[in-house]
Amino acid sequence: MDAEKSSSSSFEDLSNLNEQERAELASSVVSAPAQSKEPGTGHAATDQERKLESEANPAAEESEPESECMDILGNGTLLKKVLQKGHSELRPDSKDLVTINYTGRLDDGTVVEEQTNLVVQIDDVEVVQGLDMALKLMNEGEVAEVIVNPRFAYGELGLKDPTELDPVIRTVPPNATITYTVTLVSMREESDIEARTYTSRKEIGNKKRLRGNYWMKRQEYNLAIQSYRRALEYLDDTVSAGGMMESGAGSVELSTAELQDLLEDRMKVYNNLALAQLKISAHEAALKSVDHVLKCQPNNAKALFRKGKILDAKGDTAGAITLLQKAATIDVDDKLIQSELSKLILKSKREARNERDLYQKMLGQAQKLEQKTKAAPTVQSNESSKIMMWGYLVGTILIGVVGVAIFRYNNP
């Protein structure tokens, strides 16, 4: 008991030191040799020293960076290092909205990206893929350095021109590693889509559609599909048959112009989604997407063209030609439709010729087989006749020999 009291009173005495004494003691702790970690007072003293050190200089603990890099994927292609700890232990979840500041530099220090107070949605790849993945591992208020391998940045294509979505991006050379300094300023949960207004849904849906177009141009078809599907969550199934839309303010009746705008936006997304799915040979999914368009707009030339390409990929050349011919009559100035239609017609003729040649070859083989079958009995008949003739001859000779023998036997 005495020992416990002594230890307790000693701890209380230390905790009641004034600021100058704490600073002096903390400095002596830092310069002192490491204490033993064996069971006993050594481990307890170390815990007290850490507490005193943090009390003596709390600002140093907040700003002290972690020295180790986190290898997020385990293969060195995405590294994260904390430069300044966050003021909260909260981290964003998938679909959360985060406000970030960041600067991206090449290995030679050239700044290629810079954004302030940019709002992005986690897992919607609204920034480069590596940065999107790293944001989920940051605390609110944290400043971090994120080193992104080309595979999760701008890859082999690099970035030659600024885009509509990222107007401040400079030219990024192919296969460039980018080092980002990023601050997670704030975060919030995504509000229910049903609670948003028509204008808000249309704006966000089209933003995600444009992001899908960006990934399509970069030939990142799976990321494009992801963006298009997210766009449809905002643009699709938002309006009832009577033109009513549920929002945070209750049921709102949309005007004819608003309904038409929403329909056009959905058709754009479904058309592009079908193309992205075709690029990865997801033919059945692509057919479903393009049929959404043709159900509402049977004379949509682009949708007819896309469906024709899908049918061609599935081996239905005749069906593809029919659709492209219809598309060509609707949009007579589209040279791409005319070009693809010409290719399909030539392909169809070549297939017909090959089929005809194959049929003739098969027919020729059948005729030869038939001729051989007819010739076989004739040969067999001739051989049988020869055998019979020789049999008669041998039999006659044997009869003559036997007759002569009998005659000699009877007339000695």
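The values are calculated or read from the model by the stated rules, or taken from the named source; none is laboratory data. For clarity, every value in this text was computed on a predicted model and none was experimentally measured. Reconstructed Cβ throughout: ideal geometry from the backbone, glycine too, with neighbour counts over all protein chains shown. The accessibility values were calculated without ligands, DNA or RNA, using every heavy atom of the protein model including side chains. Shrake-Rupley method; radii C 1.70, N 1.55, O 1.52, S 1.80 Å.
Any residue in the stretch 186-204 that is within 20 Å of Pro92 (Cβ to Cβ) sitting within a Cβ distance under 7 Å of a residue that is open to solvent by 40 Å² or more (accessible area, probe 1.4 Å) and in a helix (DSSP H, G or I)? List the pairs, counting only those 6 or more apart or interchain.
Listed pairs, sorted by first residue: Ile193/Glu233.
For the stretch 82-98, which residues satisfy the criterion of being crowded, with 16+ Cβ neighbours inside 10 Å and over 23 Å from the mean Cα position of the chain (by Cα)? Before the answer, list the steps.
Taking the stretch 82-98 as the starting set, the residues that turn out to be crowded, with 16+ Cβ neighbours inside 10 Å are 82, 85-86, 91-92, 96-98.
Answer for the stretch 82-98, where residues must be crowded, with 16+ Cβ neighbours inside 10 Å and over 23 Å from the mean Cα position of the chain (by Cα): Val82, Lys85, Gly86, Arg91.
For the stretch 336-355, what are the residues that are open to solvent by 50 Å² or more (accessible area, probe 1.4 Å), charged (D, E, K, R) and within 17 Å of Lys307 (Cα to Cα)?
Lys343
Any residue that is at pLDDT below 85, among the acidic types (Asp, Glu) and open to solvent by 100 Å² or more (accessible area, probe 1.4 Å) - is there at least one of those in the stretch 373-389?
Of all residues in the stretch 373-389, those at pLDDT below 85 come to 373-389.
Keeping just the survivors that are among the acidic types (Asp, Glu) gives 383.
Now narrow it down to the ones that are open to solvent by 100 Å² or more (accessible area, probe 1.4 Å): 383.
Yes, because at least one residue in the stretch 373-389 is at pLDDT below 85, among the acidic types (Asp, Glu) and open to solvent by 100 Å² or more (accessible area, probe 1.4 Å).
Is it fair to say Gln297 is over 30 Å from Glu355 (Cβ atoms), touching a residue at least 12 places away in the same chain (Cβ under 8 Å) and surrounded by 15 or more Cβ atoms within 10 Å (Cβ to Cβ)?
Answer is yes for this residue.
Run down Ala320, Ala303, Ala327, Ala276 and say which single residue is without any contact (Cβ under 8 Å) to a residue 40 or more places away in the chain, within 30 Å of Ile204 (Cβ to Cβ), outside any loop (DSSP other than H, G, I, E, B) and small (Gly, Ala, Ser).
Details: Ala320 fails: within 30 Å of Ile204 (Cβ to Cβ); Ala327 fails: within 30 Å of Ile204 (Cβ to Cβ); Ala276 fails: without any contact (Cβ under 8 Å) to a residue 40 or more places away in the chain.
Residue meeting the stated conditions: Ala303.
Of all residues being open to solvent by 40 Å² or more (accessible area, probe 1.4 Å) and part of a helix (DSSP H, G or I) in the stretch 222-247, which is modelled with the lowest pLDDT? Just the residue, please.
Only one residue fits best here, namely Glu233.
Of all residues being open to solvent by 20 Å² or more (accessible area, probe 1.4 Å) and not basic (Lys, Arg) in the stretch 300-311, which is farthest from Ile330 (Cα to Cα)? Just the residue, please.
Taking the candidates together, the pick is Leu311.
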